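Reading through the structure tokens given below for one structure.
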Amino acid sequence: MNVKPQVSIIVPVFNGEKYLSQCIDSVLAQRYTDWEMLLVDDGSTDGAAALCDNYAADPRIVVVHQPNSGAAAARNKGISMARGEWVAFVDSDDWVEPDMLRSMVDMAQRNDADVVVCGYVEEYVNRQKRVAYCEQETVLDSADGLKMLLEGKIGSYFYTMLFRKAVMQEPVFALKVFEDHATLFKWVAKARRIVISPRAFYHYRQAGDSLIHSNSHEASRDFFLALKERYYYIEQHHLLPGWKSENRHLYLSGCIKYAKDLARMDNYGPEQRQMISEVRDELRKFLPVGWGELSIKNCIRLKLLMANADIFVRLLRCSSVFALGKRHKEQGMY
């Protein structure tokens with residue numbers, strides 16, 4: 001390929017041979033054709049690597065094999081190779097609608113935007129859940145787009161966004177999970193304009209055995225590291241200068257949620273106890289915290305956590321039993 005494509009589609013691949021063809025075929029079926037696809041095989045041990053090579057017969061598809069280094073490293077490799085003005089990401093076990101690229105590129109060009117965000121469909125074995133962020137096409141400036149991302153009003157997911165490559169100045173943060181939470185806000189902060197589509201173009205396969213869905217201390221620690229990266233990066237780079245109290249609120253609330261999730265883990269033990277100690281050390285930097293800074297529930301949790309971590313854990317574990325019972329009753333399980 002000598003002519004530069006408009007869009008580079010990066011697909012990190014680690015195993016997942018079962019679903020990979022559906023992913024690649026959905027890109028091949030795009031009605032918009034000015035693209036290249038970068039399949040970054042991250043040390044697959046099943047037939048996925050060979051399957052990637054088979055698809056490389058299409059001149060728009062570039063395959064690179066590297067030793068297993070994680071999804072963040074695979075995405076960074078793809079970004080370094082990308083030749084398009086625009087960059088999109090697709091996970092290798094998901095698939096996209098045929099008009100995704102055409103619609104998102106059109107929205108970017110029509111609104112002179114640097115980032116386009118679309119909705120997605122969570123694909124379960126027996127059901128779907130559609131997630132959309134607006135009812136009509138919405139254009140935001142950088143500050144408002146960044147605030148919406150940090151507040152969770154826009155999902156912080158690689159796969160729902162199209163980026164002008166020029167705003168992707170920071171590398172993908174090196175985490176196994178939640179690397180999107182520690183990265184995408186930096187790219188959005190560089191954008192002049194963000195446009196949000198009411199349509200859901202992306203199909204996100206829900207796999208219960210994935211790390212992000214597991215009861216894993218590793219996933220929890222990555223959440224905490226992503227949380228810290230967000231807070232301190234915003235402070236150090238003086239982003240959203242009129243939004244300091246909101247940023248502090250989000251960080252403190254996130255740290256308390258992290259401690260709560262650790263306390264309620266099925267496999268709670270010495271590792272989780274040490275991680276709760278770490279979050280207590282972090283929270284001490286922000287004391288005192290006034291009652292008006294957090295919800296009443298989080299204020300109580302914070303005060304209890306700082307006073308006695310063992311009692312905090314025991315109470316959270318007891319309350320989780322009642323919460324689970326309430327959910328089961330609502331779902332008609334008993």
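The values are calculated or read from the model by the stated rules, or taken from the named source; none is laboratory data. These figures come from a predicted structure and were not determined experimentally. Cβ: placed from backbone, ideal geometry, glycine included. Neighbour counts: every protein chain shown. For the accessible areas, the whole protein counts, side chains as well, though only heavy atoms, and no ligand, DNA or RNA atoms are used. Shrake-Rupley method; radii C 1.70, N 1.55, O 1.52, S 1.80 Å.
Phi angles of region 186-202 translate, via the Karplus equation with coefficients 6.51, -1.76, 1.60 and θ = phi - 60°, into HN-Hα couplings of 5, 6, 4, 4, 7, 6, 7, 8, 10, 10, 10, 8, x, 8, 10, 9, 9 Hz per residue; Gly and Pro are given as x.
For residue 199, the residues 5 or more places off, or on other chains, whose built amide H falls under 5 Å of its own are 119. Using the Stokes-Einstein relation with a Kirkwood hydrodynamic radius computed over Cα pairs, the translational diffusion coefficient of region 80-187 at 37 °C and a viscosity of 0.692 mPa s comes to 220 µm²/s.
Return the inverse of the average 1/r over all pairs of distinct C-alpha atoms in region 130-256, which is the Kirkwood hydrodynamic radius, in Å to one decimal. Provide the component values of the computation, followed by the final result.
Values: mean 1/r = 0.0642 Å⁻¹.
About 15.6 Å for region 130-256.
Can you give the translational diffusion coefficient of region 213-269 in µm²/s, computed by Stokes-Einstein from the Kirkwood radius over Cα pairs at 25 °C and 0.890 mPa s? After rounding, the answer is 199 µm²/s.
Taking one quarter of the surface of the convex hull spanned by the alpha-carbon atoms of region 1-141 gives a direction-averaged projected area of 9.4 nm². The C-alpha atoms of region 1-82 occupy a region whose extents along the principal axes are 32, 25, 17 Å, arranged from largest to smallest.
Across the protein chains, with a 1.4 Å probe defining accessible surface, the residues 195, 62 rank 62, 195 from largest area downward. Each distinct pair of alpha carbons in region 60-129 adds a 1/r term; the inverse of their mean, the Kirkwood radius, is 14.7 Å. For region 290-298, 3J(HN,Hα) computed residue by residue from phi via the Karplus equation (6.51, -1.76, 1.60; θ = phi - 60°) reads x, 4, x, 7, 10, 5, 4, 4, 6 Hz, glycine and proline entered as x. Radius of gyration over Kirkwood radius for region 260-324, both on Cα atoms: the Rg/Rh ratio is 0.97. Modelled this way, with points 7 Å down the Cα-to-C-beta line, the labels at residue 280 and residue 236 are 2.7 nm from one another.
Note down the net charge around residue 188, summing +1 for each Lys or Arg and -1 for each Asp or Glu among other residues with Cβ under 12 Å from its Cβ.
On the way: positive: 147, 164, 186, 190, 192, 193, 230; negative: 114, 141, 144, 170, 180.
So the environment of residue 188 carries a net charge of +2.
Compared with the alpha-carbon gap, the fully stretched path from residue 139 to residue 248 is longer by 36.6 nm at 0.36 nm per residue. Phi angles across region 53-63 convert, under the Karplus curve 6.51 cos²θ - 1.76 cosθ + 1.60 with θ = phi - 60°, into 3J(HN,Hα) values of 4, 5, 6, 5, 4, 6, x, 7, 10, 10, 10 Hz, Gly and Pro given as x. With a sphere of radius 13 Å drawn around the Cβ of residue 46, what net charge do the other residues whose Cβ falls strictly inside it have (Lys, Arg +1; Asp, Glu -1)? Here the count lands on -3.
Tell me, what is the percent relative contact order of the chain, built from C-alpha pairs under 8 Å that lie six or more residues apart? List each step's numbers first, then the result.
Numbers: 551 pairs, mean separation 50.5, N = 334.
That works out to 15 percent.
The tail of the calculated P(r) for region 130-185, taken as Cα-Cα distances beyond 17 Å, holds 42 percent of the pairs.
If I take every Cα pair under 8 Å that is 6 or more residues apart in region 98-201, average their sequence separation and divide by the length, what percent do I get for the relative contact order?
Across region 98-201, relative contact order equals 45 percent.
Sketch the reach of a paramagnetic label on residue 228 as a point 7 Å from Cα along Cα-to-Cβ, and name the residues of region 237-261 whose backbone nitrogen lies under 16 Å away. Backbone N within reach: 251-259. Here the calculated FRET efficiency for residue 32 and residue 57, from their Cβ-Cβ distance with R0 = 25 Å, stands at 0.75, rounded to the nearest 0.05.
Partner lysines whose Cα lies under 25 Å from the Cα of residue 285, excluding those fewer than 8 positions away in the same chain, are identified as 147, 186, 228, 244, 257, 260, 297, 303. Just so you know, the Rg over Rh for region 46-90 is 0.96, from Cα atoms, with Rh as the Kirkwood radius.
When ligands, DNA and RNA are left out and all protein chains stay put, how many square angstrom of accessible area per residue does region 41-177 have with a 1.4 Å probe? Don't skip to the answer; put the middle values down first.
Values: 6020 Å² over 137 residues.
Computed with neighbouring chains in place, this is 44 Å² per residue.
Beyond 24 Å, what percent of the Cα pairs of the chain remain? Walk me through the numbers on the way to the answer.
Details: 33185 of 55611 pairs.
Summing the P(r) tail past 24 Å for the chain gives 60 percent.
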